[in-house]
């Protein structure tokens with residue numbers, strides 16, 4: 001997570017380590033660089049603003065325009081990144097489901 005982004009954890013209200021839910025606020029031009037996670041699935045929903053989304057496996061990625069109401073999913077090992085291309089603040093909701101390895105590691109730390 002880039003340090004300039006405003007980030008709000010919404011999953012504090014739930015008693016689970018399997019899913020996280022966050023809201024990210026992006027100033028114009030701020031972005032999450034293209035990357036992938038080996039075991040995590042992430043989904044995004046644009047609350048407001050205009051984003052350019054890069055999505056797909058390396059070498060096969062596509063860019064799409066995403067405005068309010070747009071939803072997309074990045075499965076494990078599928079690259080994703082997005083940038084606020086609008087003139088105003090953009091907001092997106094992110095849901096992250098941890099993979100099997102992450103859940104097992106969390107259980108060991110807690111136990």
Of the residues in region 45-68 that are without any contact (Cβ under 8 Å) to a residue 24 or more places away in the chain and under 20 Å from residue 23 (Cα atoms), the one that is surrounded by the fewest Cβ atoms within 10 Å (Cβ to Cβ) is 65
Residues (surrounded by 13 or more Cβ atoms within 10 Å (Cβ to Cβ) and not in a strand (DSSP E or B)) located in region 78-87: 78, 85, 86
Hits in region 1-44 - residues which are modelled with pLDDT under 65, more than 10 Å from the chain's Cα centre (by Cα) and either surrounded by fewer than 12 Cβ atoms within 10 Å (Cβ to Cβ) or part of a strand (DSSP E or B) (or both): 2, 3, 4, 6, 7, 8, 9, 12, 13, 14, 15, 16
Residue identified as part of a loop (DSSP other than H, G, I, E, B) and in contact with a strand residue (DSSP E or B) (Cβ under 8 Å, 6 or more places away or on another chain) among 68, 63: 68
So, of the residues in region 80-111 that are within 16 Å of residue 33 (Cβ to Cβ) and under 11 Å from the mean Cα position of the chain (by Cα), which turns out to be modelled with the lowest pLDDT? 94
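The values are calculated or read from the model by the stated rules, or taken from the named source; none is laboratory data. Model, not experiment: these values are computed from the prediction. All Cβ positions, glycine included, derive from the backbone under ideal geometry; neighbour counts span all protein chains shown.
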